[in-house]
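Structure first, commentary second.
Derivation of every value follows stated rules applied to the coordinates shown; laboratory data play no part. Since the structure is predicted, the reported quantities are computational estimates derived from the model, not experimental observations. Ideal geometry is used to build each Cβ from the backbone, glycine not excepted, and the neighbour counts take in all protein chains shown.
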Amino acid sequence: MDYKETIDWLENIPASFDSNYRSYKLKLGSVVSFLNFLGNPQKSLNFIHVGGTNGKGSTCHIISSILQEHNFQVGLFSSPHIYDFRERIKINADLIEKNFIVEFVELNKSYIIKNNLSFFEISFALSLQYFKYKKVDFSVIEVGLGGRLDSTNIISPLVTVITNIGYDHKKFLGNNLSEIANEKAGIFKYNVPAVIGEFDDVTLKVFNDQAEKIDTNIFYVDQSRVNYETDLRGTFQYKNINTAIFALKMIDSLNLEESKVFRGIRNVCFNTKLIGRWDVVMKNPTVIFDVAHNVNSLQIIFNELKNIPGSIKVIFGTLDKIDQLECLDIFPKQYKYYFCEASVNRSMPIKKLERYANKININYCSFETPNLAFQKALGESKINDTILVTGSTYLFSQINLENN
C-alpha cells in the first residue's frame, strides 16, 4: 500500500467509530498488549501527559514550543487532525514520515486485524514507536477521550496536566462535572505532580480526593496573568499558556530559562505548526477556523467574537453526540448561521439541526456541504465582516479557500 491507501485503510478499520459509537469502547488491555508486541517503546521515553475538556491540544503545543526553545527534540501526539493524519504525530514542527506509517501498518496489519484494534489505539502506538525511533528528548501526549481508560493512560509521565473540566462525551464520561472530573483525574499517577489549569468547587473536591487516594501532590495554576506576546490568537489562550509554564516548572531537571520560555510562547505556531485555533485563514472578509466543538469551548469563542466589529456569520456543523444540540442554546441571536453536514458518518443530520434551531428561533440557512455554506457566507459578506467556521474539524478540509 502507498501512503494514501494506508490512511484510507486505517480510517475504515472495523473498530473505529461508527455513527452511534457502538463499536467504540474505552479500555486499556488492547493497547497494553499491542505495545508489548512492539517491544514496549514507551519504556524509553520521557512523557508529559495532558488531559482536560478544552485547550489540551493548545497546551501540548505550547509545552512543545517552550521545550524546543531549550534545544530539546519534542515528540507530540495530539488529535484530531484537520487536513492530514500526520498532524497527529510530530517532532517539533515536522510531521511523521509517510514511509514510517506505511511500514508500521504493513508490519503490524495482521496483528491489528486479529486483535480488532481501534484507529486511536493504532495511532497512539505508532506515535510511541516513532518517538523511540527518533530518540526524542520529551514526548508530549494529549489524552484522547476522558483519561482513566484512555489508551494514552499506560504511560509513566514526569507530570500530568488537566486544563479544565466541561461537558463533552457524556456517553463515556458521565452526566455531571463530578463524574467527568473523576474520569479525567484517572491520569494522576503515584508520586507524579498533577497540575490543574482551571477548577471550581465541584472539581476541586474530585481532584483533591483522587490525589489523596493515590498519594500524589496536586498543584493549581495561578491564572492571574492575562497577557503574553504570542503568535497564538485569542485571549482564551492565556490560561493555556499559564498552565503550560506551570507544568514545565514541575520538572526539576529542566532548569528553565525565562528568556527561552517567553521565546517559546512567542513562537508556538511557528515552532509547532499548530493550526485550527482561532486560525485566520483569509482576510477581507476575515475567515476564522476554530476547533471549538462543545458548549464550553463555543462559549469561549463567542466571547472572543464580542470584541470584533462588523457583521458576524457562523458556519456550523457538528458530530451527532449526546446533548450536542445544547450548543445551539448559547448561539448569539444577532449572528447569522450557515448549517452544513460534513461528509463523515458521524455528522449530525441537517434536519436535526434545523428542528432545534426552529424551536429556539435562530436565524439560519442550510447547505448540503461545508463548501456550499462557505460560498454563500462569503457572497453575503463585506470586507470588514467576519466568518467563523466551527463545530467540527471535519468542516475545514471540505472548504475550498483557493477557489472562493
All but one of (1) assigned to a helix (DSSP H, G or I); (2) surrounded by 15 or more Cβ atoms within 10 Å (Cβ to Cβ) hold for Lys359, so report the exception by its number.
(2)
So Thr203 clears everything in (1) farther than 15 Å from Gly55 by Cβ; (2) surrounded by 19 or more Cβ atoms within 10 Å (Cβ to Cβ); (3) under 22 Å from the mean Cα position of the chain (by Cα) except one condition, right? Which one?
(1)
Given the conditions (1) in contact with a Leu (Cβ under 9 Å, 6 or more places away or on another chain); (2) farther than 22 Å from Val159 by Cα; (3) without any contact (Cβ under 8 Å) to a residue 40 or more places away in the chain, report the number of the one that Glu183 does not fulfil.
(2)
Pair list, Cβ under 7 Å, 6 or more apart: the stretch 347-363 residue touching a residue at least 12 places away in the same chain (Cβ under 8 Å), other residue surrounded by fewer than 16 Cβ atoms within 10 Å (Cβ to Cβ) and of a type in the set (Asp, Glu):
Ile360/Asp329
Here's a check for you: in the stretch 261-316, which residue that is in contact with a His (Cβ under 9 Å, 6 or more places away or on another chain) and not basic (Lys, Arg) is surrounded by the fewest Cβ atoms within 10 Å (Cβ to Cβ)?
Cys269
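Can you pull out every residue in the stretch 362-372 that is part of a strand (DSSP E or B) and among the hydroxyl-bearing types (Ser, Thr, Tyr)?
Of all residues in the stretch 362-372, those part of a strand (DSSP E or B) come to 364-366.
Across the stretch 362-372, the qualifying residues are Tyr364, Ser366.
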I need a count of the residues in the stretch 234-253 that are crowded, with 16+ Cβ neighbours inside 10 Å and either over 23 Å from the mean Cα position of the chain (by Cα) or hydrophobic (A, V, I, L, M, F, W, C) (or both).
9
